[in-house]
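Single-structure report; data block below.
The values are calculated or read from the model by the stated rules, or taken from the named source; none is laboratory data. The shown structure was predicted, so the numbers you read here are calculated from the model rather than taken from an experiment. In this analysis, Cβ positions are derived from the backbone assuming ideal geometry, glycine residues included, and neighbour counts consider all displayed protein chains. Each accessible area value is taken on the protein alone, full model and side chains, heavy atoms only, with ligands, DNA and RNA left out. Shrake-Rupley method; radii C 1.70, N 1.55, O 1.52, S 1.80 Å.
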Amino acid sequence: MQIILITGISGSGKSVALNVLEDAGYFCVDNLPPALLPNLADTLKDKEVSRLAVAVDSRSAISLSSLPESIALLKAQGHEVRVLFLTADTHSLVARYSETRRSHPLTHRTQTGQNPTARRTLIESIIAEREMLEEIQPLGNVIDTSNLSANQLRQWVKEMVEADRAPLTLHFESFGFKFGAPLDADIVFDVRVLPNPHYDQKLRPLTGKDEPVREYLQAQPEVADMLSDITAFIEKWLPAFKRDNRSYLTVALGCTGGQHRSVYMVEQLAKRFGQTESVLVRHRELG
């Protein structure tokens, strides 16, 4: 059975991701205690269900620590298990809770040694949840939804589901430093030192995917040098990441606005590594 576990910080988009998987034909279950995962898989397998998606998060705080053990058991039983961990920066989470006017799941959970009627503030709840999920995050593919629209998140989850299964999938992501570095990046390269097409009036409205911008950057020797150096770094260390049993490796490249240089570099790297590896491409600031 193909099993996708969706977990992460409350307010980061788990419901959106679960809806995408439901539309893709997965049998979906929300807020299932991790200890029940093996029994659920056995039951659905008997009913000839081949694809299962389960949301597991801090609402099941009591049994959350058993998630790694449940994942190991599922894999031992022959199931294909992938974990999707969604996160976002605190500012974005606070803004989302303010818009929806919903309370955080941990708001009503009392802290040890405090008055049973005391409630956590929203910030305290977010901090507590991050600490609670700290050991869970490395288990999966991390997506930072801080600067993503719901449509962007839907597309990224859809691409992840449709990606060819391989020992390791390379994610190349472009972004703009002025909007913040992505929290989901394993490796970050700063390409702001490269010549900037933004200062050419004809190139300013275009992106790194457009031919005039590509021609401009291809004509710059330092662009080729940096592309070669980054390629060599990834080629050297990729086998080590594979030996570390990683399912995903996110390589993020940032320029000032995430429109020209970083987009071009990501496209070139994806083209080079796409010949031999499973590759996904994300351009955060291009929507």
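Here are some notes:
- The chain: angle of helix 67-76 to the longest principal axis, Cα-based, in degrees nearest 10: 80
- Förster-model FRET efficiency, 30 Å R0, A72 and F177, C-beta, rounded to 0.05: 0.20
- Set of lysines near K14 by C-alpha distance (under 24 Å), chain-local residues within fewer than 8 positions excluded: K75, K158
- Cα-only Debye scattering, the chain: base-10 log of I(q)/I(0) at q = 0.07, 0.08, 0.11, 0.12 Å⁻¹: -0.30, -0.39, -0.71, -0.83
- Annotation: extensible slack from D244 through V29 equals 74.4 nm (criterion: 0.36 nm per residue apart, minus Cα-Cα distance).
- For the pair A224 and S278, a Förster radius of 22 Å applied to the C-beta separation gives a FRET efficiency near 0.30, rounded to the nearest 0.05.
- Taking every protein chain into account, the accessible area of the chain amounts to 50 square angstrom per residue (probe 1.4 Å).
- Principal axis dimensions, the stretch 1-115 - Cα atoms, whole angstrom, descending: 45, 35, 20
- Listed residue (P167, L153, W237) projecting farthest to the positive dipole end of the stretch 134-287, Cβ model: L153
- Mean residue ellipticity (222 nm) of the chain, computed from DSSP H runs ≥ 4 via -39,500 (n - 2.57), nearest 500: -12000 deg cm²/dmol
- Total charge dipole magnitude, the chain, about the Cα centre, Cβ charges on Lys, Arg, Asp, Glu only, Debye to nearest 20: 480
- Cross-link reach is defined here as a Cα-Cα straight distance under 20 Å, omitting same-chain residues fewer than 8 places apart; for K236 the lysines meeting it are K271.
- Angstrom value of the Kirkwood radius, inverse mean 1/r, which spans all Cα pairs in the stretch 187-287: 14.2
- Couplings 3J(HN,Hα) of the stretch 185-199, computed from phi: 6, 7, 9, 10, 10, 9, 9, 5, 6, 7, x, 9, x, 4, 7 Hz, in residue order, whole Hz [Karplus 6.51 cos²θ - 1.76 cosθ + 1.60, θ = phi - 60°; x for Gly and Pro].
- A cut-off of 5 Å between modelled amide H atoms, ignoring neighbours fewer than 5 places along the same chain, links V29 with A53, V54, A55.
- Counting only Cα atoms, the size of the stretch 51-96 along its three principal axes is 42, 24, 14 Å, in decreasing order.
- Ratio of the Cα radius of gyration of the stretch 1-61 to 2.2 N^0.38 Å, where N counts its residues: 1.08
- Stretch gain in nm, segment K202-N39, where the contour uses 0.36 nm per residue and the Cα spacing is subtracted: 52.6 nm
- Rounded FRET efficiency, nearest 0.05, which uses the C-beta distance separating N151 from E235 and R0 of 45 Å: 0.85
- Percentage of interatomic Cα-Cα distances in the stretch 86-232 larger than 26 Å: 48
- Net charge of neighbours whose Cβ lies under 9 Å from the Cβ of V281, counting Lys and Arg as +1 and Asp and Glu as -1: -2
- Centroid-to-centroid separation of the stretch 176-216 and the stretch 16-95 [C-alpha atoms, Å]: 36
- Residues of the chain were split at every exposed loop site, defined as GluC sites (Glu not before Pro) in a DSSP loop with at most 11 other C-beta atoms within 10 angstrom, and the longest piece left, sites excluded, is 135-287.
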